[in-house]
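Novice: Got a structure for you, written out below as structure tokens; questions coming shortly.
Please treat every number below as a calculation from the coordinates, not as lab data. On a predicted model such as this, the values are computed, not experimentally measured, just so you know. Methodologically, a virtual Cβ is constructed for each residue, glycine included, from the backbone with ideal geometry; neighbour enumeration extends over all protein chains shown.
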Amino acid sequence: MKFLKTFFNKINSNLHYLMVLPAIILFSIFFICPLLSVIGLSLTDYNGLTAPNFIGFKNFVDFFSDLRARKDIINTVFFAIGSAPLLNIFGFIYALVLDKNFKAKSIVRAIVYLPAIISPLIMGYIWYFILQPKRGILFIIAKTLNLGIANTNWLGDRYIALLVLVFVNVWQYVGITMIIYLAGLQLIPVEVMEAAKIDGASYFRTLRSIIIPLITPAIKINVITNIIGSLSVFEIIVALTDGGPGYNTESLSIYILRMVHGAFAGYSTAVAVILFFIILPPVVIFLKWIRSKEVEM
Amino acid sequence: MNIIKKIPKYFMILIISFISIIPFYVLLLLALGDPSKKSFLPQWYFKNFVEAWNKSNIGVSIINSFIITTGAIIIIVLFASSAGYTIARFNNKFNLIIFWTLLACMMIPGIINTIPLYVLIRSINGINTHWAMILILATNALPFSVFLYTSFIKSIPKDIEEAAIIDGCTRFTAFWRVIFPLLKPVTAAVVIINGVGIWNNYAQAIFFLQIKSMRTIPLSISMFFQRYGADWNLMAATSIIGIAPILVMFLFFQKFFIEGISVGSIKG
């Protein structure tokens with residue numbers, strides 16, 4: 001009995017070591033295990049129903065002759081490469097403007113953040129309503145003003161449609177990027193800024209030599225989350241083009257969704273693995289580069 | 001002179017707010033628009049909402065979305081804050097490995113492991129259930145939340161909980177009684193970021209919730225669009241009904257939001 005009591009006492013006073021366990025267990029079951037089996041499944045002909053057979057690297061070889069999957073990867077990467085810089089540039093400009101003191105500051109910030117809390121699906125439908133050919137608001141406005149853009153097929157041409165998708169994405173999520181930059185700007189000590197002012201530094205000089213180096217942590221977190229977020233793009237495309245015309249604007253996540261019910265589950269995991277290896281090098285290089293630029297405050 | 005100097009600043013602020021508000025204007029315009037008339041001004045036609053409510057089955061979806069979002073948020077806040085505490089306070093190898101594994105997993109887009117996850121959930125009979133959806137979405141949110149909590153807890157002086165331990169608390173109770181209440185700003189950030197993401201989740205929902213009675217709001221809206229696609233007034237009214245709850249939550253928590261984000265994501 002005494003042994004049991006000391007045992008429980010020991011557990012009770014060491015409970016804090018176990019506090020990390022629930023998170024680890026949950027994460028291992030629903031993230032790490034599936035992730036590891038992605039690598040295994042990508043080497044099989046798994047079709048979602050019968051037991052998978054090992055087929056070596058056939059899926060990866062097949063990928064290179066698969067026009068549709070290649071197009072999907074190009075679209076996904078194009079979307080991410082287009083979105084991440086634009087989100088950061090506009091997010092940063094917005095943050096610089098809204099960091100100043102003015103009346104109704106918090107209201108304006110909330111307004112800019114507002115699009116980000118709305119389902120990208122709904123946002124996609126709204127933009128579809130604005131951009132749809134022959135009936136959209138933009139068409140009506142352009143027509144009455146007799147502008148040349150009236151007849152642009154915003155969603156029917158592959159590259160225009162991809163740019164529209166990037167635009168909608170940037171427009172919706174610029175608020176999040178802005179909030180993180182705002183937080184970064186608030187951490188810059190006032191004395192540093194004042195010292196620069198006294199030394200007669202111009203605004204752009206201050207921007208280049210003080211503000212940007214001091215907000216590298218914010219840049220880091222923004223670029224990474226923007227790239228990763230954009231790579232999973234799904235809802236906006238579903239709402240605006242549904243991958244069309246043809247498979248011209250399909251992204252990888254839509255492809256995987258359409259494949260999981262088909263006979264190509266094993267093959268589409270191989271495509272996912274390829275996507276992962278495509279994004280890995282730029283992310284790692286970026287992280288290394290920005291680490292070399294980081295300044296201690 | 002002073003006023004003239006301020007004009008460009010206010011002009012930019014005005015433009016930024018205007019750009020952000022356009023789609024809301026379009027949405028309201030449509031939701032309050034009389035389907036038989038076309039106009040660029042709202043017509044305060046509220047019948048759309050009644051009709052949308054009756055046709056779209058969105059009442060059930062709000063309940064589903066509410067159960068899933070609350071369940072996942074509770075798990076995220078409890079698991080991530082306690083894991084963040086252990087990682088922030090005990091600097092051993094095991095905790096470091098966990099922290100870096102979580103960070104590395106943040107770099108992996110969720111779609112990559114969807115298919116094995118689908119197989120796993122099907123084998124434990126989790127398709128079309130609330131609990132499976134809650135666990136999946138909570139798991140996806142864990143890395144970033146643990147990261148935010150860890151950085152925030154590191155910025156809290158250790159003396160605070162040590163005082164509580166001297167007064168007779170164990171570390172475990174000291175965390176829940178003393179530290180956890182101090183985490184309000186970062187908890188607000190975690191609740192807003194993940195609450196919004198889970199409320200609006202579509203990519204996972206469409207895989208794991210396939211029957212009508214389990215549909216969440218985004219699923220309902222997409223189904224509604226496929227059936228009544230041309231009826232924009234009803235679409236907009238349905239969307240506004242779906243947006244309202246999350247909007248209220250955002251306005252409620254947004255006061256702490258910036259503070260939580262700044263300390264959690266950048267300072268640490």
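Novice: Place +1 on the Cβ of every Lys and Arg and -1 on the Cβ of every Asp and Glu in chain B, take the dipole about the Cα centre, and give the residue among B:118, B:178, B:15 whose Cα lies farthest towards its positive end.
Specialist: Most positive-ward Cα: B:15.
Novice: Pull up the cross-link candidates among the aspartates and glutamates for residue A:58, meaning alpha carbon to alpha carbon under 16 Å and not fewer than 8 places away within one chain.
Specialist: Straight-line reach from residue A:58, under 16 Å: A:45, A:66.
Novice: Also, I was wondering about something else. Given R₀ = 35 Å, FRET efficiency for residue A:29-residue B:19 by Cβ-Cβ distance, to 0.05? If you can, show how the numbers build up before the last one.
Specialist: On the way: r = 43 Å, r/R0 = 1.23.
Working from the Cβ atoms, E equals 0.20.
Novice: Using the Kirkwood radius built from alpha carbon pairs, what does the Stokes-Einstein equation give as D for the protein assembly as shown at 25 °C and 0.890 mPa s, in µm² per second?
Specialist: Working: Rh = 25.5 Å.
So the translational diffusion coefficient is about 96 µm²/s.
Novice: If you don't mind, another one. Using a Cα distance threshold of under 17 Å, what count of lysine pairs results for region A:69-293 when pairs must be 8 or more residues apart or interchain?
Specialist: Numbers: A:100/A:197; A:134/A:143; A:220/A:288; A:220/A:293.
Step by step, the pairs that qualify in region A:69-293 add up to 4.
Novice: Moving on. Just how many pairs of Lys in region B:56-267 have C-alpha atoms closer than 26 Å, counting pairs that are eight or more places apart or on different chains?
Specialist: Within region B:56-267, the lysine pair count is 11.
Novice: Pick from A:109, A:68, A:135 the residue whose mean-square fluctuation is largest in a GNM of chain A, springs joining Cα atoms under 10 Å.
Specialist: Per the Cα network of chain A with a 10 Å cutoff, A:135 tops the list.
Novice: If you don't mind, another one. What is the Cα centroid distance between region B:151-200 and region A:180-246, reported in whole angstrom?
Specialist: If we compute the Cα centre of each part, the gap is 28 Å.
Novice: Can I get the semi-axes of region B:61-143's equivalent ellipsoid? Compute them from the C-alpha gyration tensor as square roots of 5 times the eigenvalues, in angstrom, largest first. Mind showing how you got there, number by number?
Specialist: On the way: eigenvalues 140, 57, 21 Å².
Each semi-axis is √(5λ); the values are 26, 17, 10 Å.
Novice: Follow-up. Run the helix sum for the protein assembly as shown: -39,500 (n - 2.57) per DSSP H stretch of 4+ residues, divided by residue count, reported at 222 nm to the nearest 500 deg cm²/dmol.
Specialist: On the way: 28 runs with 397 residues, N = 565.
The per-residue figure over the protein assembly as shown is -22500 deg cm²/dmol.
Novice: Top mean-square fluctuation among B:245, B:157, B:143, Gaussian network model of chain B, C-alpha springs under 10 Å?
Specialist: B:157
Novice: I need the chymotrypsin sites (Phe, Trp or Tyr not before Pro) found in region A:1-102, filtered to DSSP loop residues with at most 11 other beta carbons within 10 Å of theirs.
Specialist: Details: sites: A:3, A:7, A:8, A:17, A:27, A:30, A:31, A:46, A:54, A:57, A:60, A:63, A:64, A:78, A:79, A:90, A:92, A:94, A:102; in loops: A:46, A:57, A:64, A:102.
Sparse-neighbourhood loop chymotrypsin sites (Phe, Trp or Tyr not before Pro): A:57, A:64.
Novice: Arrange A:129, B:94 by Cβ neighbour counts within 10 Å, fewest through most, would you? Write out the running numbers ahead of the final one.
Specialist: Numbers: A:129 19, B:94 13.
Placing the least packed residue first, the sequence is B:94, A:129.
Novice: Build a GNM of chain A with springs between Cα atoms under 10 Å: which of A:191, A:235, A:250 gets the top mean-square fluctuation?
Specialist: In this elastic network of chain A, the residue with the biggest mean-square fluctuation among A:191, A:235, A:250 is A:191.
Novice: Something else now. Neighbouring Cβ atoms within 10 Å as the yardstick, rank B:176, A:289 fewest first. Mind dumping the intermediate values first?
Specialist: Numbers: B:176 15, A:289 10.
Going from sparsest to densest Cβ surroundings: A:289, B:176.
Novice: Rounded to whole Å and sorted largest first, what semi-axes of the equivalent ellipsoid does the C-alpha gyration tensor of region A:1-154 yield via the square root of 5 times each eigenvalue? Intermediate results must be reported in sequence, preceding the final value.
Specialist: Details: eigenvalues 463, 240, 43 Å².
Calculated on Cα positions only, the semi-axes equal 48, 35, 15 Å.
Novice: About its Cα centre, what dipole magnitude does region B:133-268 give when the only charges are +1 on Lys and Arg Cβ and -1 on Asp and Glu Cβ, stated in debye to the nearest 20?
Specialist: So the magnitude is around 240 debye.
Novice: Mind jotting down the three principal axis lengths of region B:56-267 based on Cα atoms? Whole angstrom, largest first.
Specialist: So the three principal-axis extents are 65, 39, 30 Å.
Novice: For residue A:44, enumerate residues with amide H under 5 Å from its amide H, sequence gap 5+ or separate chain, H modeled in the peptide plane.
Specialist: A:55
Novice: Please turn the phi angles of region A:236-249 into ³J(HN,Hα) values with the Karplus equation 6.51 cos²θ - 1.76 cosθ + 1.60 (θ = phi - 60°), one per residue in order, whole Hz, x for glycine and proline.
Specialist: For region A:236-249, the Karplus curve yields 4, 5, 4, 6, 8, 10, 6, x, x, x, x, 10, 5, 10 Hz.
Novice: Additional query: Determine the dipole magnitude for the protein assembly as shown: charges of +1 sit on the beta-carbon of Lys and Arg, -1 on that of Asp and Glu, nothing else is charged, the reference point is the Cα centre, and the result goes in debye to the nearest 20. Write out the running numbers ahead of the final one.
Specialist: On the way: 43 positive and 22 negative charges, 114 e Å.
Taking the Cα centre of the protein assembly as shown as origin, the dipole is about 540 debye.
Novice: Given B:92, B:46, B:246, which one lies farthest toward the positive end of the charge dipole of chain B, if we put +1 on the Cβ of every Lys and Arg and -1 on the Cβ of every Asp and Glu?
Specialist: B:46
Novice: Given the alpha-carbon gyration tensor of chain A, what are the semi-axes of its equivalent ellipsoid in whole angstrom, ordered largest first, with each equal to the square root of 5 times an eigenvalue?
Specialist: Numbers: eigenvalues 281, 259, 74 Å².
Over the Cα atoms of chain A, the ellipsoid semi-axes are 38, 36, 19 Å.
Novice: To the nearest 0.05, what FRET efficiency results for residue A:66 and residue A:15 with a Förster distance of 60 Å applied to their C-beta separation?
Specialist: Numbers: r = 53 Å, r/R0 = 0.88.
Efficiency, from the Cβ-Cβ distance: 0.70.
Novice: Just checking the output field for A:233-242: average partner chain Cβ neighbours within 10 Å of each residue's Cβ?
Specialist: On the way: counts 3, 7, 7, 0, 0, 6, 5, 0, 0, 0.
Mean partner-chain Cβ count within 10 Å for A:233-242: 3.
Novice: Turning to a different aspect of this structure: How high is the FRET efficiency from residue A:293 to residue A:39, r the C-beta distance, R0 30 Å, rounded to 0.05?
Specialist: That pair, residue A:293 with residue A:39, gives E of 0.35.
Novice: Need the full-extension length gain, residue B:155 to residue B:177, defined as separation in residues times 0.36 nm minus the C-alpha distance. One decimal, nm.
Specialist: Values: separation 22, 0.36 × 22 = 7.92 nm, distance 1.78 nm.
Here the answer is 6.1 nm.
Novice: Next question. Quick one: A:66, A:199, B:231, fewest Cβ neighbours within 10 Å first, how do they rank?
Specialist: Working: A:66 15, A:199 9, B:231 19.
Starting with the residue having the fewest Cβ neighbours, the order is A:199, A:66, B:231.
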